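Where a number appears in this text, it was derived from the coordinates with a stated rule and is not lab data. Since the model is a prediction, treat every value here as computed from it, not as a measurement. Heads up, the Cβs are rebuilt from the backbone with ideal geometry, glycines too, and the neighbour counts pull from every protein chain shown.
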Amino acid sequence: MAAKVRSHVWALLLWLLLAPLAAHAELKPETKAAYQRYIVALEARLNTQDHSSSDFLWIDRDVHRQQLVRGGDIATQQVTSLEVPGGMVQHWIGGVFLPGATLARVEHVDQDYADYAKLYGPDISRPKVLEHNGDHFVVSYRITKKKILTAVMDTVHAIDYIPLTPGRMAMRSRSVSVRQVEDAGTASEKVLPEGEGSGFLWAMNSYWRMQERDGGVYIECEAITLSRGVPFGMKRLINPILQSFAEESLKSAVEAKRRAVGAMK
């Protein structure tokens, strides 16, 4: 009983800490510009990495990471938690090894957007392909995230698959639109204009690298998000919560992909 009470008290404290993040925030041009500069610099680095003969996978840069993923675990690491004017950029990287998988099977699962609600639910729902031209897709889906508070976003993503050397592929997903949904699933549901709402999520890009070797496929993802800044005086308390949330979200996406590929016959 005492443990249950402590759990409820801790949940209430977390809610009180995170409640200021639910207050109205507005995406400023300077915030968006700072995120775009970060993405431009990142993609310049990725262009080099994608064509490197020896530095393609982050997993390969550390023996412990190699052992971790070959043992069935997911390796993760925070790249940065960067304050920008009016916002915060979270950048995480993670990877896993899928024994017995092939690159073709992974690509098939990735492009099966109609099944995304089943593969990645309940975080993702209402998937729809808006455009498809060769290796380029434009896809919309609803994202629901819960961490004491609940945030629901209607999103659109431009996704490009980039075949590299034999046995290697990159995939880049860039958010085109992120719009907060108020009262989701009710008769009063309302989709807000882009850049309005709590600022829980303003932009999200993900960059995947895949390599088939060693009897399976290595998969890794760099996930970058833009959100509102943490209120002054609360950074020490709230930042660890946001960082753990970003890591959990990345692990969840990688694990869901592993399950989906493993289930494919």
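Per-structure values
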{"item": "Spin-label pair SER53/MET264, simplified geometry with 7 Å Cα→Cβ offset, distance in nm", "result": "3.0 nm"}
{"item": "Chain lengthening between GLU189 and LYS128 when straightened (0.36 nm per residue, less Cα-Cα)", "result": "20.0 nm"}
{"item": "ASP55, ASP123 arranged by Cβ crowding within 10 Å, fewest neighbours leading", "result": "ASP55, ASP123"}
{"item": "Projected label distance in nm at ALA114 and HIS64, using a 7 Å step from Cα toward the beta-carbon", "result": "4.5 nm"}
{"item": "Over 21 Å between alpha carbons, listed pairs LYS145/LYS190; LYS32/LYS251; LYS128/LYS251; LYS118/LYS146; LYS145/LYS257; LYS118/LYS251", "result": "LYS32/LYS251; LYS128/LYS251"}
{"item": "Segment GLU196-LYS146, length gained on full extension (0.36 nm per residue, minus Cα span)", "result": "16.1 nm"}
